[in-house]
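Just below is one structure, and these are the notes that go with it.
None of the figures in this text is laboratory data; all of them are computed from the coordinates on show. Quick caveat, the model's predicted, so the values are computed rather than measured. Glycine gets a Cβ as well: all are built from the backbone with ideal geometry, and neighbour counts include every protein chain shown.
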Amino acid sequence: MLPVNRKNVLFKTLQSKKEHEMYNKFLIPALAIFSAAILAEVVWAWKKKKSVFNVKETASNFFIFGVLQLIKPLTLAWQVGVLAFFSQFQLWKIPMNVGTVLLAVVFVDLLYYVQHRLLHENRFLWTLHNVHHSSPWMNLTTSFRLNWLGPLVSPFFYVPAILLGFQLKAILVFFFLNLVFQFFLHTESIDRIPFLEGWLNTPSAHRVHHGSNPLYIDKNYGGILMVWDRMFGTYQKEEEPVKYGVTTGFMGHNPFKVVFLPIIQYFRGDYTREIQNIPEEQRPSKPITKTTPKRTKTPTGPHKPHPSLP
């Protein structure tokens, strides 16, 4: 085992100056790309007369994303600090080159699958992930709906990669690639891509993931690759119109409510995950939250299947 120098390791890594510089270096171009893509999607929706945007919901999505960026110095420092702490216990270090970075991306994508699946299947972790699925609208800004407390638990899922010797920078490369890649999956503007479906994550596969249809719940967890879902039996192709949101009801547009209400309900003891997974006799007699709002103009959902669908 390599000698371990634990002196001030956590304190030093909490500064994470290099990681912040690396993050900021990529953040500005990413935000420019995101903005251009959202504008293009708005134009597409207008031309196709598709109401995939709701003004209040979109504003809520941007607010949630804005807070995420405001607290990023703290959350990134925590995430880097946790991983750097465990890096002291590496048996060896894998050198960083193109091949090992690609290997890290594949392995960390597997860990992402595990994390994402647990976020859905563990009752408490689902309270942290609920906000990402609670919107009945599907557009690029939906990708911004991430719980502000999520970074407190996320780094622990990637400790195995650190212990196996992968360098922290290689894992951060995955985080950035996954961030950008996942952004473009949250849209109805892209049809199914036949030669990629079932192998890579696609907008079609991710629409399924966001569906509250019984057929679609808890499916397609992969970040970049769909091979993990195929291996572990959680892959589902888009077969029927997608109904977005969660079965426990629409909570409104208040960002603080959609972020914190599931957590509060959990600790109050009255939190319900998904209604159709509960026996009929145990279901609540009245909705837990508001019902999904009525849509105006053309439907905002459910998603109409593309012509390529069977």
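For the range 9-282, the equivalent ellipsoid built from the Cα gyration tensor has semi-axes of 30, 22, 21 Å, listed from largest to smallest.
Place the peptides 226-234, 78-86 in order of packing, highest mean first, counting for every residue the other Cβ atoms within 10 Å and averaging per peptide. Write out the running numbers ahead of the final one.
Values: 226-234: 16.8, 78-86: 20.0.
The peptides rank, most packed first, as 78-86, 226-234.
What FRET efficiency comes out for the pair Leu149/Lys47, r = Cβ-Cβ distance, R0 = 30 Å, nearest 0.05? Using R0 = 30 Å, I get an efficiency of 0.20. Under 5 Å between amide hydrogens, built in the peptide plane, is the criterion, and for Leu200 it picks out Met226 among residues at least 5 positions away or on other chains. Remark on Gly222: its backbone amide H falls under 5 Å from those of Asp229, a criterion applied only to residues 5 or more positions apart or on other chains, H modelled at 1.01 Å from N.
Between Met231 and Gln182, the contour length at 0.36 nm per residue exceeds the alpha carbon distance by 15.6 nm.
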